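The values are calculated or read from the model by the stated rules, or taken from the named source; none is laboratory data. What you are looking at is a predicted structure, and each value in this text was computed from that prediction instead of being measured. Don't worry about glycine lacking a Cβ; one is built from the backbone with ideal geometry, like all the others, and counts go over all protein chains shown. What goes into the accessible areas is simple: the full protein's heavy atoms, side chains included, and nothing from ligands, DNA or RNA. Shrake-Rupley method; radii C 1.70, N 1.55, O 1.52, S 1.80 Å.
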Amino acid sequence: QQLARLNECNDEGSFVSFSLDGRHVVASNWGGAVWAWSTDDWSAEQVIAIAGQCSEGMFLPDGELLLGFTTPNKDQLDRFLAIYDWPPGEEEVRRISVAIDPDHLAFHPRSGRIAVAHYKWLYLHDLVTGDQLHCLECSDVKPLAWPPHEERLAVIDDDALLIYDSETWQVRHRLDVKYGSALAYSPDGTKLAIGSWKKGELWEVDQLPDA
């Protein structure tokens, strides 16, 4: 049964999620607008508007909203992560500058680190200090996934799934994946779901082929 049709975004959507308390459905679009719909009556409110592109977002475990933006600034582009209280106030809680368009994000709650990827680059930042911790050159990064209690960052890079040890940055597992488009760990981090060309796969992480 369809509960509602949420038409207010008026542009291609870049992310959608329930708030952690389940009271809102939140979505952003490529035009820099973020909308929230109440799950009580499906009324809509535009809660954030930035003159630029919102390419990705997520709710953090403490309920804050993290969004990735690319915005014009004179003759250059500003690329940053913006963190908001939820529901958001007029200003973000903090902003972290990044070197690339934040197209793909994965957060590791135990260490407080955020992975940010675009095309052939993957950066690691401390989400509290904003410090850049690591930079990795890849081939063509698409989705990322990070289990909450393990140091195993999953990356679709070109036509391969790579599992990195995010302490040493050595590749522990590698699996050929054609047109991989989605990744998700199970809550305990032992299984990995992979969406790719015309199929989905579910693997025990420890049973993935060694690199």
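In table form, for the structure just shown:
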quantity: Carbon + sulfur, % of accessible area of the range 170-211 - ligands and nucleic acids excluded, 1.4 Å; calculated: 52
quantity: 16 Å Cα-Cα reach of residue 178 towards lysines, excluding residues that sit fewer than 8 places from it in its own chain; calculated: 142, 198, 199
quantity: Cα shape, the range 1-86, gyration tensor, a/c 1.5 rule; calculated: oblate
quantity: With DNA, RNA and ligands ignored, accessible area of residue 197 (1.4 Å probe; Å², nearest 10); calculated: 140
quantity: Solvent exposure of the range 113-154 as accessible area per residue, Å², 1.4 Å probe; calculated: 41
quantity: Summed side-chain charge close to residue 160 - residues other than residue 160 whose Cβ falls under 12 Å, Lys, Arg +1, Asp, Glu -1; calculated: -2
quantity: Proximal charge balance of residue 38 [Cβ under 9 Å; K/R count +1, D/E count -1]; calculated: -2
quantity: Heavy-atom accessible surface of the range 1-91: percent carbon and sulfur, 1.4 Å; calculated: 43
quantity: Per residue, in Å², the accessible surface of the range 30-106 once ligands and nucleic acids are set aside, probe 1.4 Å; calculated: 47
quantity: Selected from 31, 47, 83, residue furthest toward positive end of dipole (the range 16-84; charges at beta carbon); calculated: 31
quantity: Accessible area of residue 3 in the full protein assembly, 1.4 Å probe (Å², nearest 10); calculated: 120
quantity: Projected area, mean over directions - the chain, Cα convex hull, nm²; calculated: 12.8
